[in-house]
Amino acid sequence: MRVVTARDYDQMSRKAAFIFAAQLLRKPDSVLGLATGDTPKGLYRELIRMHREGDIDFSSASSFNLDEYVGLRPDDPQSYRHYMREQLFSHVNIRPESTRVPDGTAGDLDAECVRYESALRSAGGADIQVLGLGTDGHIGFNEPDQEFPAATHIVRLDESTIEANSRFFRSREEVPTMAITMGIGTIMSARSIVLLASGRSKAEPVRGMVRGPITPRLPASVLQLHPDVIVILDEEAASLL
Ligand code: F6R
């Protein structure tokens with residue numbers, strides 16, 4: 001696990017964008033593993049800028065998002081599908097049919113998990129996966145648990161995650177309580193991983209992830225076992241290292 005500290009959020013985002021740009025230059029048909037939340041917004045902004053300046057091309061790339069809320073339609077402004085359209089997809093030349101987000105409205109959610117996992121496998125797995133970090137150490141929606149869930153699955157969100165995510169909704173009651181998420185095994189099968197964390201609230205989980213024991217009580221700690229992880233932090237997130 002390589003740990004890089006940036007001056008601030010914007011520099012963290014630029015460093016991450018360089019890695020994604022290099023990936024697309026080296027392998028134009030890369031499979032990109034993408035995340036939502038506040039943390040990767042700056043990365044997406046930089047990728048859009050690089051695309052507009054003609055430096056990167058998404059026309060052969062495809063993408064798989066980490067997760068989606070159960071019950072939100074793709075056009076719901078709070079859905080992760082909608083977020084991705086707003087933050088990245090509609091501003092670059094990735095083909096819409098090459099972008100995948102789990103379907104949180106599927107009639108049979110277990111079948112949707114199996115379908116999503118096998119679609120990712122058929123695409124050859126993610127070449128590069130971006131991750132944010134939950135204040136409880138979650139990655140994707142893999143919450144602290146007794147064991148590491150392997151494959152894409154349904155989760156009930158922890159109170160702390162519902163609380164943290166309520167900032168994106170009008171009220172806490174509107175935050176969905178369930179989600180579909182890639183499992184820890186799915187995430188670990190990405191060939192390379194870029195984890196981003198910014199702000200004081202991430203300092204504690206960052207310390208556990210980098211220095212602590214590998215435990216499903218802090219899901220991100222499993223990344224210590226991955227052969228190609230870069231962790232890019234701003235100074236506040238790095239403050240307890
Ligand atoms: C988002 C995701 C989550 C977030 C995490 C951090 O797709 O899977 O694990 O990365 O909750 O969220 P932010 O970036 O909003 O602090």
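Each value in this text was obtained by applying a stated rule to the coordinates, not by laboratory testing. None of these values were measured; they are calculated from a predicted model. Positions of Cβ are backbone-derived with ideal geometry, glycine not excepted, and every protein chain shown enters the neighbour counts.
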Going residue by residue through region 99-114, the Karplus relation 6.51 cos²θ - 1.76 cosθ + 1.60 with θ = phi - 60° gives ³J(HN,Hα) values, rounded to whole Hz and with x marking Gly or Pro, of 9, 10, 9, x, 8, x, 10, 4, x, 10, 5, 5, 5, 5, 4, 5
Amide H neighbours of Gly33 at under 5 Å, excluding residues fewer than 5 places away on the same chain, with H built from the backbone geometry, are Phe64, Asp127, Ile128, Gln129, Val130
For region 2-233, percent of DSSP beta bridges that are antiparallel (nearest 5) comes out at 30
Here the relative contact order (percent) of region 115-236, from C-alpha pairs under 8 Å and at least 6 apart, is 34
Along region 235-241, Karplus-curve 3J(HN,Hα) (6.51, -1.76, 1.60; θ = phi - 60°) to the nearest Hz, with x for Gly and Pro, reads 4, 5, 5, 8, 5, 9, 7
Interchain or sequence-distant (5+) residues whose placed amide H lies within less than 5 Å of the amide H of Val231 are Arg2, Val3, Val4, Leu195
For Thr215, other-chain or 5+-apart residues with amide H closer than 5 Å (H placed, Pro excluded) are Ser221, Val222
So the FRET efficiency between Ala119 and Ser59, C-beta based with R0 = 25 Å and rounded to 0.05, is 0.80
For Asp75 and Arg167, extending 7 Å from Cα along the Cα-Cβ vector and measuring point to point gives, in nm, a value of 3.0
With +1 at each Lys and Arg Cβ and -1 at each Asp and Glu Cβ, the charge dipole magnitude of region 2-233 around its Cα centre, to the nearest 20 debye, comes out at 860
Distance in nm between Glu147 and Thr177 label points, each 7 Å along Cα→Cβ, equals 2.5
Other residues with Cβ under 10 Å from the Cβ of Leu43 give, with Lys and Arg +1 and Asp and Glu -1, a net charge of +3
